[in-house]
Structures are given as structure tokens and as C-alpha cells.
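The values are calculated or read from the model by the stated rules, or taken from the named source; none is laboratory data. Every value quoted in this text rests on a predicted model; they were computed, and no experiment measured them. No Cβ is skipped: glycine too gets one built from the backbone with ideal geometry, and neighbour counts run over all protein chains shown. Note: accessible area is taken over every heavy atom of the protein model, side chains too, but ligands, DNA and RNA are not part of it. Shrake-Rupley method; radii C 1.70, N 1.55, O 1.52, S 1.80 Å.
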Amino acid sequence: MDYYSSQISNLIEELARLPGIGQKTAQRLAFHIINMPEDQVESLSASMISARKNIHYCKCCYTLTDGDLCPICTSDKRNHGIIMVVENTRDLAAYEKTGKYEGIYHVLHGAISPMLGIGPADIRLKELLVRLQGEVEEVIIATNSTLEGEATAMYISKLVKPTGIKVTRIASGVPVGGDLEYIDEVTLLRALDGRVEL
Ligand code: ZN
């Protein structure tokens, strides 16, 4: 990319490192940024830096937040006795968008995958077990219906059952191999309502 000045090439290269951004899109974005008003570019870069610096995991549910605890964990309008276990913060956001789920969450940040060398110790399972020592009525397993998601669900159900806490799995209305975040709200709610006890 010698035909661009090195500054433009650098910007394109940095943008192309982002997921889902190929060379062409990176070029288009780079030229767009160069033509943006300077204050807009400054506010964009400032919000990226501040998000990276200030956002961390909630100490209770491990979703991303900027406080010690996230707004869901601190809300007294939520039922703290029901914990929905999801693979990532995007899945949590998908359920939050429905506006119908009243419990709280636990974000694993991954799923067990022997193929990728991801074991139970690599996701936030220990932290879930600690939470189960509190007053919990039900654990809803809402991991994806992929091979990894199902393996993780099985593993969690085996961990939780001996505690006597009710364990349920969201219904398989969710298409196999489907990522929760791409599924529409109606399907998500149907999956939640139709959850079955394990
Ligand atoms: Zn939280």
C-alpha cells in the first residue's frame, strides 16, 4: 500500500485488524475518518480509549460494566434468586432487549470446547458455583445450542444438581448452531418460557 502516505496506510492496517473488517472496508472507513470533522474524530477516539480503560467485569455476574457491579446486579426490581447463565455479554444483551426477563445473569465468557482446548477452568464456572452458595432458586442455562454450548450446559447441570437448586435449560426453539444474539425476541422468549428442568 505504498501509494498511500504511511499515515493512511497505518490507519487502514489498524482498522483491518478489527473483526469483520476486510481491507476494502478498512480503506472506506479510513477515508471516511479522514474526511470527518476533527472534533468528531476526537470524540470517537476518546470514547474508545475511555471504554477500554473503564469497562471491566461486574464483580457478581461478570458482564461488562463501568462500576463495581452492573446495573442489573444492583437493581432491586430484579429477582436475584434466578440466575440465567449465558456465554457472553452479547447474549445477555439479547435477553435484555426482550424486556421480559426479570432474573439476573451469569456470564461465562466462553463455552467448554475440547477441540479449542477450552476447559471448565477457562470460563467463569468457579465464580458461578460461589454464587450458588447464596439464596438461589433456579439456574437457567441459556448457552448456545452449538456442540460447545450443549457440552457446557451438561457440565453446569452436573455441577448444580447436587446443590438441590432447580436447573433448567432453555427450549430448543433456538435453531441448532444459532448464536443467541442473532435470534429474534419472540424466539428467545419462547425458548425461555419453554425451558425444561434438567
Ligand atoms: Zn452484574
Would you mind stating whether Thr89 is modelled with pLDDT under 95, within 12 Å of the ligand (Cβ to nearest atom) and either within 22 Å of Glu185 (Cα to Cα) or not polar (S, T, N, Q) (or both)?
-> yes
What pairs can you find where one residue is in segment 91-113 and not assigned by TED's automatic domain parsing to the domain that holds Ser157, the other is within 13 Å of the ligand (Cβ to nearest atom) and at pLDDT 95 or above, and their Cβ atoms are less than 6 Å apart, with a gap of 6+ or different chains?
-> none
Starting from residues that are in a loop (DSSP other than H, G, I, E, B) and open to solvent by 20 Å² or more (accessible area, probe 1.4 Å), keep the ones in segment 65-86 and report whichever is nearest to the ligand (Cβ to nearest atom).
-> Leu69
Residues of segment 1-41 classified as β-branched (Val, Ile, Thr) and surrounded by fewer than 12 Cβ atoms within 10 Å (Cβ to Cβ), total = 1
The condition from (1) within 14 Å of the ligand (Cβ to nearest atom); (2) in contact with a helix residue (DSSP H, G or I) (Cβ under 8 Å, 6 or more places away or on another chain); (3) among the polar types (S, T, N, Q) that Thr143 misses is numbered (1)
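Return the residue satisfying two criteria in turn: it lies in segment 42-64 and is in a loop (DSSP other than H, G, I, E, B) and within 9 Å of the ligand (Cβ to nearest atom), and of such residues it is surrounded by the fewest Cβ atoms within 10 Å (Cβ to Cβ). Explain how you work it out, then say what you get.
Our first condition is that a residue be in a loop (DSSP other than H, G, I, E, B); within segment 42-64, this holds for 55, 58-63.
Now restrict to residues that are within 9 Å of the ligand (Cβ to nearest atom): 58-63.
Details: Cys58: 23, Lys59: 13, Cys60: 22, Cys61: 25, Tyr62: 24, Thr63: 24.
Looking at residues that are in a loop (DSSP other than H, G, I, E, B) and within 9 Å of the ligand (Cβ to nearest atom), I get Lys59.
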